[in-house]
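Just below is one structure, and these are the notes that go with it.
The values are calculated or read from the model by the stated rules, or taken from the named source; none is laboratory data. What you see is a predicted model, and the numbers here were worked out from it, not measured in a lab. All Cβ positions, even for glycine, are placed from backbone atoms using ideal geometry, and neighbour counts span all protein chains on display.
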Amino acid sequence: MPRKITPSVLPGNKWCHGCRQALPVEAFTVDKSKADGIAHECRGCAAKKRRGRREVNHAMAETYARLSVLGFAR
Ligand SMILES: [Zn+2]
């Protein structure tokens, strides 16, 4: 089995899986579902992801609106 690559992170820092760099834990949001109680991504990446998701939903809503106008969506 291939070994999991764990980047060296200084104490008080955490590896962000989003921007792939070590950042101070203060830069991360709290996630109680995680073992260490800290989210895997920093606030910046989390915000970016949320924005992206909203754009996708908006595009989907637009597509549905167009389809319903054409009588495809019920
Ligand atoms: Zn990040």
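Can you name the condition, by its number, that residue 41 falls short on among (1) surrounded by 11 or more Cβ atoms within 10 Å (Cβ to Cβ); (2) part of a helix (DSSP H, G or I); (3) not hydroxyl-bearing (Ser, Thr, Tyr)?
Residue 41 satisfies all of (1) surrounded by 11 or more Cβ atoms within 10 Å (Cβ to Cβ); (2) part of a helix (DSSP H, G or I); (3) not hydroxyl-bearing (Ser, Thr, Tyr) except (2).
Return the pairs, sorted by first residue and then second, in which the second residue is of a type in the set (A, V, I, L, M) and more than 11 Å from the ligand (Cβ to nearest atom), the first residue lies in the range 18-32 and is without any contact (Cβ under 8 Å) to a residue 40 or more places away in the chain and farther than 11 Å from residue 44 by Cβ, the beta carbons are less than 8 Å apart, and the residues are 6+ apart or on different chains.
Qualifying pairs under 8 Å: 22/9; 22/10; 25/38; 30/38; 31/38.
Run residue 64 past the list (1) modelled with pLDDT of 85 or more; (2) surrounded by 11 or more Cβ atoms within 10 Å (Cβ to Cβ); (3) of a type outside the set (Gly, Ala, Ser) and report the number of the one that doesn't hold.
(1)
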